[in-house]
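Derivation of every value follows stated rules applied to the coordinates shown; laboratory data play no part. Remember, it's a predicted structure, so these values are computed and weren't measured experimentally. Cβ coordinates were reconstructed from backbone atoms using ideal geometry, including for glycine residues, and neighbour counts include every protein chain displayed.
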Amino acid sequence: MIDWRELLMLRASRAMTTLRMDKLLRTRSTVHAFTEYFKGFERVNAVRRIFGEDTEEILKNLKVEFTWAGGYMWVNGANGHLMISSRYLNTGDKVDIYLDIIHELVHIKQFMEGKDLFDTHYGYSERPTEVDAYRHAVDEARNLGLSDKRICEYLKTEWMSDEDFKRLTKSMGFQCKSC
Ligand SMILES: [Zn+2]
C-alpha cells in the first residue's frame, strides 16, 4: 500500500532531494548561497509565481544562514538573508519545511520591494505581508494535494492565538475544525 504522504513527499522532495545535510552538519560558517542547498527551486511554479522572470537571478543572489538559534525560518530584516534553524531543517517535517520556504520566499520578494515585514500597525494574522505569504504557501499545499485538515495542521503554530488562527484561515478561504 502506498502511503499518501510518501506520494506527497516525492513531489515536494523534487526540490529538496539535493539538500546536502551532511555538508550542512560539517560546515561551521553560516552564510551560504541559497542555491547551494536548495536545488531546483527556480523550476518550481510556486516560486516562479513569486519572482517571475527574475526567479533565477534572485535565487542565485539569495543568501541563507543556518542558525542554532531556535525557531523555524524567517527573513533577516537587516540584510535580507533567509534564516533557517538547523534544528528545524534536520528534524522538521519535510512538507512543512518546503511550504515554509515558499512562505519565506514571498517575504524575500517583499523585503526587496522595501516593505516592512514587521509592521506593528497590524496584528500578525492581519499583516498584509503575512496574508500574502500564507496565501502562496496554502496555494502550493493545495497544489500538492494536501487535505484541508493537513493544511490546518500546517497553519496552526504555537505563536498564533486562536483568534489569529481563525482570522488567518478565514482569509485563506477555509475553516479549520479547531476554529
Ligand atoms: Zn511570515
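Brief remarks on what is shown
- As a proxy for reagent exposure, THR157, THR30 were ordered by neighbouring Cβ count within 10 angstrom, fewest first; the result is THR157, THR30.
- Integer Hz, Karplus 6.51/-1.76/1.60 couplings in order for the range 81-90, x for Gly and Pro: 6, 7, 9, 10, 5, 4, 5, 5, 4, 7
- Spin-label pair ASN143/TRP68, simplified geometry with 7 Å Cα→Cβ offset, distance in nm: 3.7 nm
- Unsatisfied cross-links (Cα-Cα over 21 Å) in the set LYS63/LYS109; LYS63/LYS115; LYS60/LYS156; LYS39/LYS60; LYS94/LYS115: LYS60/LYS156; LYS94/LYS115
- Spin-label zone in the range 38-65 - amide nitrogen under 14 Å from a point set 7 Å from the Cα of ASN79 along the C-beta vector: 62-65
- Two-site FRET efficiency, VAL31 against SER161, from Cβ-Cβ distance with R₀ of 30 Å, rounded to 0.05: 0.30
- Loop-resident chymotrypsin sites (Phe, Trp or Tyr not before Pro) (DSSP state other than H, G, I, E or B) in the range 110-179 with no more than 15 further Cβ atoms inside 10 Å of their Cβ: PHE118, TYR122, TRP159, PHE174.
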